[in-house]
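Encoded as structure tokens, the structure appears first; notes follow it.
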Amino acid sequence: MFAIGDFARHGRVSVRMLRHYDAIGLLRPAHVDEATGYRSYEAAQLADLNRVVALKHLGFTLEQVRTMLADEISLVEVRAMLALRRAELETEVAEGTARLTQVESRLHSIELGDEVPAAVVKDLPATRYVALAGIADDFRPEQIGPVIQPLCAELGQRLPEATGVIPSGRLTCFYETSGDQVALHAAVPAVVSYDGELNGLTVLDTPAVRAATLVHRGRIDDVLPAWQALARWVDDNGHRSNGPARELYLDCPDDSAGWVTELQEPLMP
């Protein structure tokens, strides 16, 4: 038997916490001295304490822990609760990682200050694309990503079965304000035969246009500073935007840190 202080030391918890667990019926001491009220614990109870602490660290409330450790709950139910908590934690990690990326991107923009890299003005030819369209609520990355990424994946899945389409260029994404929302297109330049099957794809024709361009190297999640730098260049050189902005994906290796993307901002004549 261990006195409460020794049991707390072996379990790496506080005496106050053990008293609280006793008060709520989560972990009762093996023995309580009737005369002094001193609590004593058995070594076997360290396993129970470890389960309580582990479940708490997973984010379960003490009430949930008590339910999970109760004799009447089945192993299947315990596994289901753990699987649900795992999914919640995975979502929290993904959301936290996305927020961290956005913060780093904003910090990079601040560090650049007034530094505006030179853009290259290009004449983009009139081009026919096959595309899939979507709508995002706004331009925040957490709104754009969940829309454009599935569109790009679906485009890649539909192209092989589109018998009337011969791709002739690289993946390009278009972004344009549509009221309070953002109209998106995932598109690929293509030769289109109208007597063939488009497999759910739509034809998108763009006119010849002059555009300010800037190459971004790295993850697309980190593209904000480059877009803002291009916007400053457009403004500093007396230009105005004309039509949807584009991202032309020049190289997309498995490691997204090695991506190369050309940002294209069409300009007014």
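The values are calculated or read from the model by the stated rules, or taken from the named source; none is laboratory data. Fair warning: this is a prediction, and the values are worked out from it, not measured in the lab. Note: ideal-geometry Cβ built from the backbone for every residue, glycine included; neighbour counts use all protein chains shown. The accessibility values were calculated without ligands, DNA or RNA, using every heavy atom of the protein model including side chains. Shrake-Rupley method; radii C 1.70, N 1.55, O 1.52, S 1.80 Å.
Extending each Cα 7 Å along its Cβ direction at residue 3 and residue 215, get the distance between those two points in nm, one decimal.
In this crude spin-label approximation the distance works out to 7.3 nm.
Could you give the length gained by full extension between residue 89 and residue 154, i.e. 0.36 nm per residue of separation minus their alpha carbon distance, to one decimal place?
On the way: separation 65, 0.36 × 65 = 23.40 nm, distance 2.78 nm.
Between residue 89 and residue 154, full extension yields 20.6 nm more.
With a Förster radius of 22 Å, plug the Cβ-Cβ distance of residue 240 and residue 176 into 1/(1 + (r/R0)^6) and report the FRET value to the nearest 0.05.
Values: r = 15 Å, r/R0 = 0.67.
In this case the efficiency is close to 0.90.
Roughly how many percent of the accessible protein surface of the chain is carbon and sulfur, given a 1.4 Å probe and a whole-percent answer?
54 percent
How much length is gained on full extension from residue 197 to residue 33, taking 0.36 nm per residue of separation minus their Cα-Cα distance?
Full-extension gain reported as 50.7 nm.
Could you work out which residue, out of 199, 50, 242, moves most in a Gaussian network model of the chain, that is, has the largest mean-square fluctuation with Cα springs under 10 Å?
Result for the chain, Cα springs under 10 Å: 50 fluctuates most.
Would you kindly derive the ³J(HN,Hα) couplings of region 206-214 from the backbone phi angles with the Karplus curve 6.51 cos²θ - 1.76 cosθ + 1.60 (θ = phi - 60°), listing them in order in whole Hz, with x for Gly and Pro?
3J(HN,Hα) across region 206-214, in whole Hz: 10, x, 4, 8, 8, 9, 7, 10, 8.
Rounded to whole Hz and in sequence order, give me ³J(HN,Hα) for region 245-261 from the Karplus expression 6.51 cos²θ - 1.76 cosθ + 1.60, θ = phi - 60°, writing x for Gly and Pro.
With coefficients 6.51, -1.76 and 1.60, one gets 6, 10, 10, 9, 8, 7, 8, 10, x, 4, 7, 5, 5, x, 5, 10, 10 Hz.
Can you give me the long-range amide H partners of residue 250? Hydrogens built in the peptide plane at 1.01 Å from N, cutoff under 5 Å, separation of 5 or more residues or another chain.
260, 261, 262
Looking at region 1-42, which chymotrypsin sites (Phe, Trp or Tyr not before Pro) are DSSP coil and have at most 13 other C-beta atoms within 10 Å of their C-beta?
38
Mind jotting down the distance between the C-alpha centroids of region 120-154 and region 189-225, whole Å?
Region 189-225 and region 120-154 have Cα centres spaced 7 Å from each other.
Multiplying the sequence separation of residue 51 and residue 79 by 0.36 nm and subtracting their Cα-Cα distance, what value in nm do you get?
8.7 nm
Going by the alpha-carbon gyration tensor, a ≥ b ≥ c the square roots of its eigenvalues, is region 192-246 rounded (a/c under 1.5) or, if a/c is not under 1.5, prolate (a/b greater than b/c) versus oblate?
The shape class here is oblate.
So what is the accessible area of the chain per residue, in Å², with the probe set to 1.4 Å?
I get 59 Å² per residue for the chain.
Starting from region 11-61, pick out the trypsin sites (Lys or Arg not before Pro) whose DSSP state is loop and whose Cβ has at most 15 other Cβ atoms within 10 Å.
Qualifying residues, ordered by number: 12.
Computed from these coordinates, which is mean projected area of the Cα convex hull in nm²: (i) 22.4; (ii) 19.5; (iii) 12.7?
Computed from the coordinates, mean projected area of the Cα convex hull in nm² corresponds to (i).
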